[in-house]
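Asker: Okay, handing you the structure first.
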Amino acid sequence: MSVLAASELVTENGLQFDRMQPHDLDEVVQVETAVFPSYGHWTRQSFESAIKAGYDCWLVRDRSGKLIGYFVIKKVVDEAHLLTIAVHENWQGKGIGRLLLGKVLDMAVAMKIESLLLEVRLSNVRAIELYQNYGFVQIGRRKNYYAGADQSREDALVMRLAL
């Protein structure tokens, strides 16, 4: 169960955090497909399944209500898995990724999570640097984990943060 109630809205620096709802998915999928390669993004069904399963699915909007980012966390006993996190391409490089990851960590601590796991594409250097700046360490590598262009495959780094 989430630390925040489903209807609770959190405002931070003029940005609004709220639970992802099915009516948000057109916007979420639009950001997802713009940010991630067409061969490796979450589908609408992936997000619908995460919401239905009760995962912590959150989004952030700017003052005008435009979707600028989101994340999905799956809690398993005393661990959590950051399944996806994304920032709208127009908002990248402006600290939104740090803001989202900070919110993920705040929620994990409040849920009494002992560690947070994630996978990240080996080629996603900016994300890897962000995770390392927060103290995540590489604990493994999944060979050929992500689909690549032209039916190629890309490795994923498995990273963990002890809380």
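The values are calculated or read from the model by the stated rules, or taken from the named source; none is laboratory data. Bear in mind the structure is a predicted one, so any value in this text is a computation, not a measurement. We place every Cβ from the backbone using ideal geometry, glycine too, and count neighbours over all the protein chains shown. For accessibility, only protein heavy atoms count, side chains too; no ligands or nucleic acids. Shrake-Rupley method; radii C 1.70, N 1.55, O 1.52, S 1.80 Å.
Asker: Would you mind telling me the share, in percent, of accessible area of region 91-152 contributed by carbon and sulfur at probe 1.4 angstrom?
Answerer: In region 91-152, the share of accessible area belonging to carbon and sulfur is 47 percent.
Asker: Please report, to two decimal places, log10 I(q)/I(0) for region 57-97 at q = 0.19, 0.23, 0.27 Å⁻¹ as given by the Debye formula with identical point scatterers on the Cα atoms and no solvent.
Answerer: Taken in order of the listed q values, log10 I(q)/I(0) reads -0.59, -0.75, -0.90.
Asker: Let me ask something else. Can you pull the three principal axis extents for the Cα set of the chain, in Å, largest first?
Answerer: Per principal axis, max minus min of the Cα coordinates gives 40, 34, 31 Å.
Asker: List the chymotrypsin sites (Phe, Trp or Tyr not before Pro) within region 88-163 that DSSP assigns to loop and that have no more than 15 neighbouring Cβ atoms inside 10 Å.
Answerer: Counting only loop positions with at most 15 other Cβ atoms within 10 Å, the chymotrypsin sites (Phe, Trp or Tyr not before Pro) in region 88-163 are Tyr134.
Asker: For the chain, report the accessible area per residue in Å² (1.4 Å probe, heavy atoms, rounded to an integer). Let's see the in-between values first.
Answerer: Values: 8800 Å² over 163 residues.
Accessible area per residue: 54 Å².
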